[in-house]
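> A single structure is presented below for examination.
Derivation of every value follows stated rules applied to the coordinates shown; laboratory data play no part. Please read these numbers as outputs of a predicted model, since none were measured by experiment. Neighbour counts are summed over all protein chains in view; Cβ atoms, including those assigned to glycine, are modelled from backbone coordinates with ideal geometry.
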Amino acid sequence: MIGSKFIVANFKMNKTVHEAEEFLKNLVLNGKKWNLEVIICPTFLCLERALNICHKSGIKIGAQNCYFEKNGAFTGEVSAFMLSSVGAEYVILGHSERRTYFFETDDIINKKVISALENNLKPIICVGETEFERENGTEKEKIKSQIDFALKGAEPEQLDKVIIAYEPIWAIGTGKVVDYDDARKMFLFIKNHLVFRYGKNLADKIKLLYGGSINENNVKELLGIENIDGGLIGGASLDFSRFMSILNQAENSDKGE
Ligand code: PEP
């Protein structure tokens, strides 16, 4: 592990193979050794090229989804086993877009998490409440239940591979950022829940990210909040100069500069 903070770029269904390749070559050519864990998640189509380009650069590559069966008659799916076999290190699971548009349930997400862990992939598990749930004051209940479901059956020794990304659904791609004090309370709640469930030593091994309209203007404040170990970035990761600015500021987020 290099630095303490994690920055994950989720390209979603954006960038052709050629565009992603150019972005990654620029990132690697930049030559900077980030004091961060930088993880880029392009489409499945780019994974192998991305891994080749970033090999030895310290930049890590992740997928945006996987299927829980190892292989078989599951047309259109890509398994955790297959991702692992090409050298991917991370996989985003349970993103709200997967839950909403592809009807992924907590049970499906749990199976994917277990399969990822069994195949030595580090799952970045997304959890988050809707605007309605927040207005009704049920957001903490929702987050707790999504976390508990996702981690059902995970072995204690696998927890150091687990990353939880708290992404309020109403903040994803909307430009609405969580209130910093609300974020502080939510991350404290998540941390306390993990400590209650697993004990402090194991809970501290699970990294916690914030996601939802992070940009170059708010990343430093967000990453400076207690118990936030990094950020998951969608829209603002697509533009090279904005992403570079985010990386530079994330590096300094502990320093209070
Ligand atoms: C995301 O899709 O996980 C995300 C956080 O997107 P955005 O940064 O665009 O809100």
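Residues are listed down the side, and each one gets a yes or a no for (1) more than 16 Å from the ligand (Cβ to nearest atom); (2) charged (D, E, K, R):
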site	(1), (2)
LYS185	yes, yes
PHE189	yes, no
LEU194	yes, no
ASP204	yes, yes
LEU209	no, no
ILE214	no, no
LEU223	no, no
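> Given the options ILE172, ILE147, ILE164, name the one that is of a type in the set (A, V, I, L, M, F, W, C), in contact with a His (Cβ under 9 Å, 6 or more places away or on another chain) and within 16 Å of the ligand (Cβ to nearest atom).
After ruling out the rest, the residue left standing is ILE172.
> From the list LEU36, LEU27, exactly one residue is crowded, with 17+ Cβ neighbours inside 10 Å and in contact with a Cys (Cβ under 9 Å, 6 or more places away or on another chain). Which is it?
LEU27
> Let me ask you something else. Test GLY235 against the stated conditions and say whether it is over 18 Å from LYS144 (Cα atoms), more than 16 Å from the ligand (Cβ to nearest atom) and either touching a Gly at 6+ places or on another chain (Cβ under 8 Å) or of a type outside the set (Ser, Thr, Tyr) (or both).
Taking the combined requirement at face value, the residue does not satisfy it.
> It is to be established whether one or more residues within the range 44-53 are surrounded by fewer than 21 Cβ atoms within 10 Å (Cβ to Cβ), within 17 Å of LYS122 (Cα to Cα) and either out of contact with any Cys (no Cβ under 7 Å at 6 or more places or on another chain) or of a type in the set (Phe, Trp, Tyr) (or both).
Yes, there is a match, as at least one residue in the range 44-53 is surrounded by fewer than 21 Cβ atoms within 10 Å (Cβ to Cβ), within 17 Å of LYS122 (Cα to Cα) and either out of contact with any Cys (no Cβ under 7 Å at 6 or more places or on another chain) or of a type in the set (Phe, Trp, Tyr) (or both).
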